[in-house]
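Accompanying notes for the structure given below.
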Amino acid sequence: QAPTSPTPNSNKKSMIRPTPFIRQAERLINRNPELFGPGPLARRATGIGAMPPLKGLVTCAAQGLAVGLAGGLAYNVIYGNPGIQAIEDYYKENPPR
């Protein structure tokens, strides 16, 4: 039988130096059970947060690119391109010699 490896949550001493800030953070207690519930919070990630890091990054970037392109296209369809239109209007009024 192979020896079992230690679990990641074993009761080992932390490698972080116990500064006052760290000691204070370790003493934090849920003092508002109406807001957080009676026990410790156990929120599980969903959606992009639950994906592996690289897949989540690629998904987030792809969605951002898609929303940006869709927004740019919608702006161009609704408003046209006011900068180009202003230049064309100027040259209609002032034709080059």
Say whether the condition of being at pLDDT 85 or above and either surrounded by 10 or more Cβ atoms within 10 Å (Cβ to Cβ) or on the phi > 0 side of the Ramachandran plot (or both) is met by at least one residue in segment 38-47.
yes
Please tell me if ILE16 is assigned to a helix (DSSP H, G or I), surrounded by fewer than 10 Cβ atoms within 10 Å (Cβ to Cβ) and modelled with pLDDT under 90.
no
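Given the residues GLN63, GLN85, which is the only one that is over 22 Å from the mean Cα position of the chain (by Cα), of a type in the set (S, T, N, Q) and surrounded by 10 or more Cβ atoms within 10 Å (Cβ to Cβ)?
Values: GLN63 fails: over 22 Å from the mean Cα position of the chain (by Cα).
Within the list GLN63, GLN85, the selection yields GLN85.
The values are calculated or read from the model by the stated rules, or taken from the named source; none is laboratory data. Remember, it's a predicted structure, so these values are computed and weren't measured experimentally. Note: ideal-geometry Cβ built from the backbone for every residue, glycine included; neighbour counts use all protein chains shown.
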